[in-house]
Amino acid sequence: MPGPGFYWMGEEEKREVLDVLESGYLFRYGQLDDPAFKAKTYTLEQEFARQCDVAHCVACASGTSALLMALQAIGFSAGDEVIVPAYTFVATYSAIVFAGGIPVLAEIDDSLTLDPADVERHITPRTRALMPVHMLGNPCDMDGIMDVARRHGLPVIEDACQANGATYHGRRVGSIGALGAFSLNIFKIISSGDGGLLVTDDRELYERAFAFHDQGHTPNRAGVEVGRRTTLGLNFRMNELTAAVALAQLRKSDRLVATLRENKRRFREAIGKVPGMRYRTLHDPEGECATLLTVLFDSADRAADVAARLNTTTVAQSGWHVYSNMEHVLAFLREHGRPHAIGAYPRTDDLLARAINLSVGVVDRGLGAAFGININSTDGEIDRAAATFREAVAPVQVD
Ligand SMILES: *Cc1c(COP(=O)(O)O)cnc(C)c1O
C-alpha cells in the first residue's frame, strides 16, 4: 500500500512519459540544445534543487543509492562510524555497511527522530558523520543536531527519504546538513516507482557524489579527459522514463503536502483529547509532511490493545523500521561488538511500544500504519475514521 503521490498518479505523469517515449531516447545524457532530447532527468535535478533552495541535485536510482553517494562524497573510509537513530528504515544502516562503515545507533526522542542529547555520548575518534532521519515526515531537532555536529566538526547527512517537502524553521529538510537524500519509491511522498534524489549546496560534494553515481564522470559528462580521471564510480543513474514520472509528481508535491496537512488537521481535531494518550512531539509543527498521525499511549499494553482493535500494530510490532526487529542488522552489530540485544536502546523501545502510527497519507502496514485515512479521503471518511479510533480507545466498561 502506497504513499500519497501514488494516489495522485494521473494525466500529467502520462504526458511526461509519452513525451520521452515519442522522442525514442531514454538515456539521461543528450544535447541540451537538441529539441529531440527531452532532458527530464536534468530538468528534475534543476527543479528539485530550486525547490530545496540548494545549488545542486543528483537524481539517482534510489534513496539507498543517494545515501551511499553521500557517504562517498564526504570521503568515507572503511571502519568509519556514523551515528544514526535506532528507529529508521534498514537502508539507513545498509548504506553505511556497504560503504565499509559501522552504523552506531542512538536513542530517539518523543518525536520518534534522533535525539541530539544522546548523540554526543556515541562520538568517538572514528565518528565520521551524523545521519539523522526525518522519520514519518517529521523534521528532526535539527538545531540540536547541527549544534552537536558543529562542535565536533562532523558533516551531517540528512536521510530525508520519508520527508520530501517538509521544512524546519522555514528551510527544506535535506538542505540543512551537508547533504540530503530523498527516495521516490512507492511508499514515499512522491513516487516514480523507484528513484532517488541527493541535494547539496557544496560544489565539491556534488561533483564527488555525481562521479560515484556515474563511473567517475563529471556532471553531465562534460569535460572528462582520458589520462585525467581521478575517481572510480559505479552506476546509479536515473533514466528519462523514471525522471518523467518524478518530474510530474514533483510539480504536484506542494499541493500534495498542503492536502495532507489539511486532512491531518481535521483527523486530529475529530479525534481530540483522549485520556492517557498524547500526540508525538513535532519539532516544527508547521513544517512536517503530515503523512502520519502518531499517538503515544501511557502504557505499552494499552497501545497494543488499541492497535489490535484497529487491526493494526504498535510501531514496536511493525517489522521494518525497528532495530530490534532487524535480525540481519543485529547480526552485523554483534559481529562488530556493538550493542545488539533488544533492550540496548531502552528509551527507543519504550516509545515505540507505546506508539501507533495512524495513516494520513502513507498507508503502510510495514510502518505500522494499517489504520487511518489516505490523501483522497473525504471529510466524511475522515470523521468516520476518527469515530472508529475513539471507540477503540474508549475505556473498557467494568460493572
Ligand atoms: C525509503 C527509505 C530509504 C531508502 O529509499 P529507497 O528508495 O527505497 O532505496 C532510506 N531511508 C529511509 C528512512 C527510508 O524511509
### Query
Among R251, R261, which is the only one that is over 27 Å from Y42 (Cβ atoms) and either open to solvent by 10 Å² or more (accessible area, probe 1.4 Å) or touching a Pro at 6+ places or on another chain (Cβ under 7 Å) (or both)?
R261
### Message
So if I check each of A55, A36, A78, which one is farther than 30 Å from L351 by Cα, free of Cβ contacts under 8 Å to residues at least 40 places away in the same chain and in contact with a helix residue (DSSP H, G or I) (Cβ under 7 Å, 6 or more places away or on another chain)?
### Response
A36
### Task
Taking the residues in segment 53-107 that are near the ligand (Cβ under 10 Å from one of its atoms) and of a type in the set (F, W, Y) as candidates, determine which candidate is nearest to N164 (Cα to Cα).
F89
### Message
Take G193 and tell me if it is assigned by TED's automatic domain parsing to the domain that holds N164 and more than 27 Å from E13 (Cβ to Cβ).
### Response
no
### Task
Would you check which residues across segment 301-328 are closer than 15 Å to V393 by Cβ and either aromatic (F, W, Y) or open to solvent by 10 Å² or more (accessible area, probe 1.4 Å) (or both) and list them?
D301, R302, A304, D305, A308, R309, L310, N311, T312
### Query
Taking the condition within 16 Å of the ligand (Cβ to nearest atom), in contact with a strand residue (DSSP E or B) (Cβ under 7 Å, 6 or more places away or on another chain) and closer than 17 Å to L67 by Cβ, does G196 pass?
yes
### Message
Checking N220 against (1) over 17 Å from V58 (Cβ atoms); (2) over 23 Å from the mean Cα position of the chain (by Cα): exactly one of these is not met. Which one?
### Response
(1)
### Message
Go through segment 203-223 and report how many residues are under 17 Å from L234 (Cβ atoms) and either of a type in the set (A, V, I, L, M) or open to solvent by 60 Å² or more (accessible area, probe 1.4 Å) (or both).
### Response
6
### Query
Are any of the residues in segment 207-214 basic (K, R) and farther than 25 Å from A149 by Cα?
no
### Summary
Requiring at least 3 residues that are touching a Ser or Thr at 6+ places or on another chain (Cβ under 6 Å), the helices (runs of 4 or more DSSP H) wholly within segment 203-319 are 240-250, 300-309
#### Entry: Residues of segment 30-43 satisfying the condition of being under 14 Å from P219 (Cβ atoms) and open to solvent by less than 20 Å² (accessible area, probe 1.4 Å)
A39, T41
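Restrict the check to segment 160-177 and report whether at least one residue is within 13 Å of the ligand (Cβ to nearest atom), open to solvent by 10 Å² or more (accessible area, probe 1.4 Å), touching a Ser or Thr at 6+ places or on another chain (Cβ under 6 Å) and of a type outside the set (F, W, Y).
Yes: one or more hits.
Results for (1) free of Cβ contacts under 8 Å to residues at least 12 places away in the same chain; (2) within 24 Å of E107 (Cα to Cα); (3) away from the ligand (no atom under 16 Å from the Cβ), shown as yes or no for each residue.
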site	(1), (2), (3)
W320	no, yes, no
D350	no, yes, yes
G368	no, yes, no
A385	no, no, yes
### Query
Taking A66, is it among the small types (G, A, S) and surrounded by 20 or more Cβ atoms within 10 Å (Cβ to Cβ)?
yes
### Selection count where residues are in contact with a Pro (Cβ under 9 Å, 6 or more places away or on another chain) and either among the hydrophobic types (A, V, I, L, M, F, W, C) or within 16 Å of the ligand (Cβ to nearest atom) (or both), scope segment 199-225
3
### Query
Is it true that some residue in segment 353-371 is more than 20 Å from G137 (Cα to Cα), in a helix (DSSP H, G or I) and either open to solvent by less than 40 Å² (accessible area, probe 1.4 Å) or in contact with a helix residue (DSSP H, G or I) (Cβ under 7 Å, 6 or more places away or on another chain) (or both)?
no
#### Entry: Residues (hydrophobic (A, V, I, L, M, F, W, C) and without any contact (Cβ under 8 Å) to a residue 40 or more places away in the chain) located in segment 93-105
A95, I96, F98, A99
### Query
Hey, R126 hits all of (1) surrounded by 18 or more Cβ atoms within 10 Å (Cβ to Cβ); (2) out of contact with any helix residue (DSSP H, G or I) (no Cβ under 8 Å at 6 or more places or on another chain) but one; which does it fall short on?
(1)
## Note on the structure
Filtering segment 129-159 for residues that are more than 16 Å from the ligand (Cβ to nearest atom), open to solvent by less than 10 Å² (accessible area, probe 1.4 Å) and farther than 25 Å from A355 by Cβ leaves a count of 1
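Considering A95, A61, A55, which residue is in the same structural domain as A163 (by TED's automatic domain parsing) and open to solvent by less than 20 Å² (accessible area, probe 1.4 Å)?
On the way: A61 fails: open to solvent by less than 20 Å² (accessible area, probe 1.4 Å); A55 fails: open to solvent by less than 20 Å² (accessible area, probe 1.4 Å).
Of the residues listed, the single one that is in the same structural domain as A163 (by TED's automatic domain parsing) and open to solvent by less than 20 Å² (accessible area, probe 1.4 Å) is A95.
The values are calculated or read from the model by the stated rules, or taken from the named source; none is laboratory data. Fair warning: this is a prediction, and the values are worked out from it, not measured in the lab. Positions of Cβ are backbone-derived with ideal geometry, glycine not excepted, and every protein chain shown enters the neighbour counts. Side chains included, ligands, DNA and RNA excluded: accessible areas come from the protein's heavy atoms. Shrake-Rupley method; radii C 1.70, N 1.55, O 1.52, S 1.80 Å.
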